[in-house]
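What follows is a set of notes on a single structure, which appears directly below.
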Amino acid sequence: MPPKLAALARKAQQLADALTALEAQEEAASSFTPHPDTDALLNRRGVTREQLNYAVPESLDLKNRLNAYNLDNGSPGQGNIVAAVLDTFLRAEGYPPDLGTAKTS
């Protein structure tokens with residue numbers, strides 16, 4: 001194979017590998033599903049809510065990224081996203097909620 005053609009083939013393979021990695025990353029990122037009980041609670045009207053305030057590293061740009069996500073995907077509500085992610089983490093660490101005490105307003 002001529003050198004120019006070999007170099008072009010290598011570039012094409014690198015591009016194909018990068019595309020495959022990007023597709024895998026997008027699949028993994030979009031496959032997040034909250035626990036069914038949590039999802040039902042978040043979608044129920046009239047659930048009592050409380051404010052959750054924590055200082056997070058500014059460089060993570062969480063507010064802007066969350067706003068961009070909501071614009072791109074329809075707004076499920078920023079509080080619902082935070083609640084679902086934290087609930088998933090805490091369940092995985094062995095701290096499930098007692099949803100029998102969920103309050104409604």
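The values are calculated or read from the model by the stated rules, or taken from the named source; none is laboratory data. Everything quoted here is computed from the prediction, not taken from an experiment. Glycine gets a Cβ as well: all are built from the backbone with ideal geometry, and neighbour counts include every protein chain shown.
Observations
- The set of residues in region 44-58 that are polar (S, T, N, Q) and in contact with a strand residue (DSSP E or B) (Cβ under 7 Å, 6 or more places away or on another chain) contains only THR48.
- Reported count of residues in region 86-105, each being among the polar types (S, T, N, Q) and modelled with pLDDT of 90 or more, is 1.
- Any hit, region 65-74, residues being charged (D, E, K, R) and surrounded by 10 or more Cβ atoms within 10 Å (Cβ to Cβ): yes
- Of the residues making up region 86-100, those that are surrounded by 11 or more Cβ atoms within 10 Å (Cβ to Cβ) and in a helix (DSSP H, G or I) are LEU86, ASP87, THR88, LEU90, ARG91, LEU99.
Residues are listed down the side, and each one gets a yes or a no for (1) in the same structural domain as PHE89 (by TED's automatic domain parsing); (2) under 18 Å from the mean Cα position of the chain (by Cα); (3) under 29 Å from PRO97 (Cβ atoms):
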residue	(1), (2), (3)
GLU23	no, yes, no
ARG44	yes, no, yes
THR48	yes, no, yes
ASN53	yes, no, yes
LEU62	yes, yes, yes
GLY74	yes, yes, yes
